Every structure is written in C-alpha cells, then in structure tokens.
Amino acid sequence: MAELRARTIVEAHLYLDLLRADGRLGDDDPGDPGGWTILTEGPRSWTLHADGAGGRFHPFTIEIRYADLAEARRTGARFGPGRSTLIDAGEWLEMAEAYVEQAVEAEMAAVGARGDRELPEQALLAWRFAVDVAAEVLRFLPDAADELPDSAFWTERGRATRRADPDLFTRAALTHRLQTYEQLRDDFIALVGEH
C-alpha cells in the first residue's frame, strides 16, 4: 500500500472498517482491529500499524499527525482538517446513510423503551456521526463547482456509488442531505434532551 495518512484516529478506524467491509484485508474477515493493530506515539505523529492479522494481508501503517489532531480538537471537526486522502466521497456518502439507519433504529428503540438512558445516547451519537460524515462529502466540492469532480472518487466502491446515482453528488443534493440530517438530529435532541 502507498503511504497512508489519516487526519484523526477516528478516521483511521473508519478506513479499517471500510477495508474489512470490502474484503480488502483478505478473503476472511480479520475481525476486530484491536487484535491486529498497534497505535504508537512518535515525535511528530501517531502511527497505527496493521500487522497483517497472521498473514491475511500485507502489513501497513497509517500516520496521524499531531498537527492534524490539534486542529481537529481546536475546530471540533471529528475527522480533522481538510479533505480525506483515505476515504473517497462515495464511501463517505455510503457511511452517512449507514449512520442514519443506525440512528433511526436506535431512535425507534429509545422511544419504545422510556427510561433507558443508553438507547437515546446511542441514537444521538449515530445522528452526530451521520451529520459529520455527510459534511465530509462536501469537503470534496470545489468552491465554484455544482458537483463533485472525478478526483473525489478513487476507490471502486466510491465510483460505483457515484455511477449508481450521480445526482447524489451535486452541491444542491449534498447540501440538502446535510441540512436534513442536522434537522433530524436537532429534532431528536428536542425530543430527548442533550446527552
């Protein structure tokens, strides 16, 4: 693999989840990354080393620079500053939809189980991730453009998502999606309160 860089540790772990989901870490799922990754601290960055899970895949490392982590903390950007170089726009959009599904399921369970504090917290976390992940797709949109450029899609999965429905990747559609997710998150907060 080429040199890999994540902006935050959270982004690095999302990338590992995508690799597992796509079977890019061997034919059989290597399981929880906690069993085959090591996070080490260096002079200018953290390094997340994937050791190959007993030969299932070629080992690789992901660098997470301290400067990016500091900027993420300063701005509150969950996945860090700038655009991702690990996860393409199509993959971010798919993940946003997955988090919305998780949020809706958790929200429905929370409404049906009054008094359970864990379920509303799970739903709210999923809504927050859905919003943050959807915002990542917009980072690939150049200032004057009405739709994402080809360069925003470098994985087969991302390109397939775009081919399936190119209209999802226009400025209008992406902005509408983000606003909808924000409204749904805010509606849920109004219903259960901030956790």
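The values are calculated or read from the model by the stated rules, or taken from the named source; none is laboratory data. Just so it is clear, the model here is predicted, and its values are computed rather than measured. Glycine also receives a Cβ, built like all others from the backbone with ideal geometry; neighbour counts cover every protein chain displayed.
Please specify each residue of the stretch 83-106 satisfying the condition of being free of Cβ contacts under 8 Å to residues at least 40 places away in the same chain and either touching a Lys or Arg at 6+ places or on another chain (Cβ under 8 Å) or of a type in the set (Val, Ile, Thr) (or both). It would help to see each step written out before you state the result.
Initially, the stretch 83-106 is screened for residues free of Cβ contacts under 8 Å to residues at least 40 places away in the same chain, giving 97-99, 101-102, 104-106.
The answer is VAL104, and nothing else.
Just give me the residues in the stretch 3-23 being part of a loop (DSSP other than H, G, I, E, B) and either in contact with a strand residue (DSSP E or B) (Cβ under 9 Å, 6 or more places away or on another chain) or surrounded by 16 or more Cβ atoms within 10 Å (Cβ to Cβ) (or both), in sequence order.
From the stretch 3-23, those part of a loop (DSSP other than H, G, I, E, B) are 3, 7-8, 22-23; that's our starting set.
The answer is GLU3, ARG7, THR8.
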If we keep only residues of the stretch 146-180 that are in a loop (DSSP other than H, G, I, E, B) and in contact with a helix residue (DSSP H, G or I) (Cβ under 7 Å, 6 or more places away or on another chain), then the residue surrounded by the most Cβ atoms within 10 Å (Cβ to Cβ) is LEU148
From (1) assigned to a helix (DSSP H, G or I); (2) of a type in the set (D, E, K, R); (3) farther than 18 Å from PHE153 by Cα; (4) without any contact (Cβ under 8 Å) to a residue 40 or more places away in the chain, pick out the condition that doesn't hold for ASP29.
-> (1)
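When you look at ASP186, is it out of contact with any helix residue (DSSP H, G or I) (no Cβ under 6 Å at 6 or more places or on another chain), under 22 Å from ALA77 (Cβ atoms) and surrounded by 12 or more Cβ atoms within 10 Å (Cβ to Cβ), yes or no? Steps first, please.
Numbers: out of contact with any helix residue (DSSP H, G or I) (no Cβ under 6 Å at 6 or more places or on another chain): yes; under 22 Å from ALA77 (Cβ atoms): yes; surrounded by 12 or more Cβ atoms within 10 Å (Cβ to Cβ): yes.
Spelling it out, ASP186 is indeed out of contact with any helix residue (DSSP H, G or I) (no Cβ under 6 Å at 6 or more places or on another chain), under 22 Å from ALA77 (Cβ atoms) and surrounded by 12 or more Cβ atoms within 10 Å (Cβ to Cβ).
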Segments classed as strands (runs of 3 or more DSSP E), wholly inside the stretch 33-140, with at least 3 members that are of a type in the set (A, V, I, L, M, F, W, C) = 45-50, 60-65
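Does GLY26 satisfy being on the phi > 0 side of the Ramachandran plot, outside the structural domain of ALA160 (by TED's automatic domain parsing) and surrounded by 12 or more Cβ atoms within 10 Å (Cβ to Cβ)?
Numbers: on the phi > 0 side of the Ramachandran plot: yes; outside the structural domain of ALA160 (by TED's automatic domain parsing): yes; surrounded by 12 or more Cβ atoms within 10 Å (Cβ to Cβ): yes.
Here the answer is yes, as GLY26 does meet what is asked.
Listed here are the residues, each with its yes/no results for (1) more than 17 Å from GLY90 (Cβ to Cβ); (2) without any contact (Cβ under 8 Å) to a residue 40 or more places away in the chain.
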residue: GLU121; (1), (2): yes, no
residue: LEU124; (1), (2): yes, no
residue: VAL131; (1), (2): yes, no
residue: ALA152; (1), (2): no, no
residue: ARG159; (1), (2): no, no
residue: LEU168; (1), (2): no, no
residue: ALA173; (1), (2): no, yes
residue: HIS176; (1), (2): yes, yes
residue: ASP187; (1), (2): yes, yes
